[in-house]
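First up is the structure itself, then whatever we jot down about it.
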Amino acid sequence: MTSLTFWQIAVMIGAVTLGTMLTRFTPFLVFGGEKRVPKYVEYLGKALPGAALGLLVIYSFKDVNVLAGSHGLPELIALAAIIALHLWKKNMLLSIAAGTAVYMLLVNFIF
Amino acid sequence: MKLKAFKAAFPKTIPIMTGFLFLGAAYGIYARTSGLPAAVPIIMAAVVFAGSMEFVAVDMLCGGFDPVGALVMALMVNARHLFYGLSMLTKYKGVGAKKWYLIFGLCDESFSINCTADVPEGVDKGWFYFWVTILNQCYWVTGASVGALAGSFIKIELPGLEFVMTALLVVIFLDNWLKEKSHSSSLIGLAAAFCCLLFFGSESFIIPSMAVIILILTLFRKRIEVRL
């Protein structure tokens, strides 16, 4: 449930849109002419994605409490299932659907 | 000219269609079961058009009011677009006003098609890029709308469905892991974010994580860059 008001939601969506669009338009607005792209910017464009994805993985587990409740066990089991399935079949949709299903079964019927 | 480009572009987008309809619907349902009005996921699908960020945005909208955090998160998560933009600078040149829409809709999937596709002889490349981009966006918005509206009718609770965001992010990470030559950047991201999470707590670790990541990438640039 969100506790935000209409305008707070609008501002949040605006912020996400602005951030996303800055990443899309900046190369064209700044280097659209014949200006050379600085090597450092090129490097960040290549090096940041992997790190950002790592940050997102940690972000998605940020609310897991290993000290209380189910101690993060359902998350750990579902994570293992996703990794195993994805390494085996390499099918994104299958891994996402099956991983979510495993987690839902665990939290609804076991933990 | 437009029709010819459409006929060349549409088949390239068919594999994306399945994925976007499925994930878009999951995203719409997830947003509804998180307690957001149906309009929120649909509007975000149309104006943000960056799947993983939209899942994260739903999560953030259920937390507190933190536009700076949301902006920084969007910059970080979507930093890969900088790279896409740099790669498409010349390809998107000279296609007229359509260029601004192409840049607006430069998501992972549109990038991968437009960057690698050999536009057939006699087909206008500007219109080809345009159709690929707009078709992909239509799939995503349609999926999100179907999910958001279906979510309004699902009266039963779906505990655990929120894990769809985690599953998506883990799978994107894994997919990238299998493709990258060196894992240093991915490992830096995991380690920096994990340490910042322990140190700063779940409410305020994103901005410090981002700062630490950029600092490490900059300090160890020589060692990391040669392996990329």
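Per q in 0.19, 0.23 Å⁻¹, report the Debye log10 I(q)/I(0) for the stretch B:124-193, using one uniform scatterer on each alpha carbon and no solvent.
So the normalised log intensities are -0.94, -1.00.
With everything on Cα atoms, drop me the angle between helix A:92-105 and the longest principal axis of chain A, reported from 0 to 90° to the nearest 10.
The two axes meet at around 40 degrees.
Using a 10 angstrom cutoff on alpha carbons, build the Gaussian network for chain B and name the most mobile of B:Ala46, B:Ala25, B:Ala191.
In the Gaussian network model the winner is B:Ala191.
If the reach is capped at under 27 angstrom between alpha carbons, list the lysines near B:Lys91, excluding any in the same chain fewer than eight residues apart.
Qualifying lysines at Cα under 27 Å: A:Lys35, A:Lys39, A:Lys46, B:Lys2, B:Lys4, B:Lys7, B:Lys12, B:Lys99, B:Lys125, B:Lys179, B:Lys181.
Going by C-beta contacts inside 10 Å, put B:Trp131, A:Trp7 in order with the fewest on the left.
Details: B:Trp131 20, A:Trp7 9.
Lowest count first: A:Trp7, B:Trp131.
Using the beta-carbon distance between B:Arg221 and B:Leu158 and R0 = 51 Å, what value does 1/(1 + (r/R0)^6) give for FRET efficiency, to the nearest 0.05?
FRET efficiency, B:Arg221 to B:Leu158: 0.65.
Rule-of-thumb check for the protein assembly as shown: C-alpha Rg over 2.2 N^0.38 Å?
0.99
For A:Tyr43, what charge total do you get from the other residues with a beta carbon under 11 Å from its beta carbon, if Lys and Arg give +1 and Asp and Glu give -1?
Details: positive: A:Lys39, A:Lys46, B:Arg221, B:Lys222; negative: A:Glu42, B:Glu225.
Here the charged neighbours net out to +2.
In chain B, which helices (entire DSSP H runs) extend 30 Å or more along their own long axis, judged by Cα positions, while averaging at least -1.0 on the Kyte-Doolittle scale? Could you put the intermediate results ahead of the total?
Working: long enough: B:2-33 (42 Å, 0.61); B:125-153 (43 Å, 0.70).
Once both thresholds are applied, what remains is B:2-33, B:125-153.
Residue by residue through A:84-91, how many Cβ atoms from other chains fall within 10 Å of the Cβ on average?
Partner Cβ neighbours, averaged per residue: 2.
Quick one: give the max-minus-min coordinate of the C-alpha atoms of the stretch A:1-60 along each principal axis, largest first, in Å.
47, 28, 10
Taking θ = phi - 60°, what integer Hz values does the Karplus form 6.51 cos²θ - 1.76 cosθ + 1.60 yield along the stretch A:42-52, in sequence order, with x for Gly and Pro?
4, 4, 4, x, 8, 8, 5, x, x, 5, 5
Show log10 I(q)/I(0) for the stretch B:2-161 at q = 0.16, 0.18 Å⁻¹, two decimals, from a solvent-free Debye sum over equal Cα scatterers.
Each listed q maps to, in turn, -0.91, -1.07.
Give me A:Tyr59, A:Tyr40, B:Tyr101 ranked fewest to most by other Cβ atoms within 10 Å of their Cβ, as a rough exposure proxy. Before the final figure, lay out each step's value.
Working: A:Tyr59 25, A:Tyr40 12, B:Tyr101 15.
The fewest-first ordering by Cβ neighbours comes to A:Tyr40, B:Tyr101, A:Tyr59.
Give, in nm to one decimal, the length gained when the segment between A:Val41 and A:Val11 is fully stretched (0.36 nm per residue of separation minus the Cα-Cα distance).
7.9 nm
If you scale each eigenvalue of the Cα gyration tensor by 5 and take the root, what three semi-axes come out for the stretch A:64-111, rounded to whole angstrom and sorted largest first?
After scaling each eigenvalue by five and taking roots: 22, 11, 7 Å.
What whole-number value in cubic angstrom gives the convex hull volume per residue for the C-alpha atoms of the stretch B:101-224?
Given the Cα convex hull of the stretch B:101-224, per-residue volume reads 184 Å³.
Multiply the residue gap between B:Leu89 and B:Met1 by 0.36 nm, knock off their C-alpha separation, and tell me the result in nm, one decimal place.
Length gained between B:Leu89 and B:Met1: 29.3 nm.
Would you work out the Kirkwood radius for chain A? I mean one over the mean of 1/r across all pairs of different Cα atoms, in Å.
Numbers: mean 1/r = 0.0556 Å⁻¹.
It works out to 18.0 Å.
Using a Förster distance of 41 Å, how high is the FRET efficiency between A:Val30 and A:Leu105, based on the Cβ-Cβ distance and rounded to 0.05? Can you show the working numbers first?
On the way: r = 49 Å, r/R0 = 1.20.
Here the calculated transfer efficiency is 0.25.
Read-outs throughout are calculated quantities, based only on the coordinates presented, and are distinct from any laboratory measurement. Keep in mind that what you see is a predicted model, and the values were worked out from it rather than measured. Positions of Cβ are generated from backbone atoms using ideal geometry, with glycine treated the same way; all protein chains shown enter the neighbour counts.
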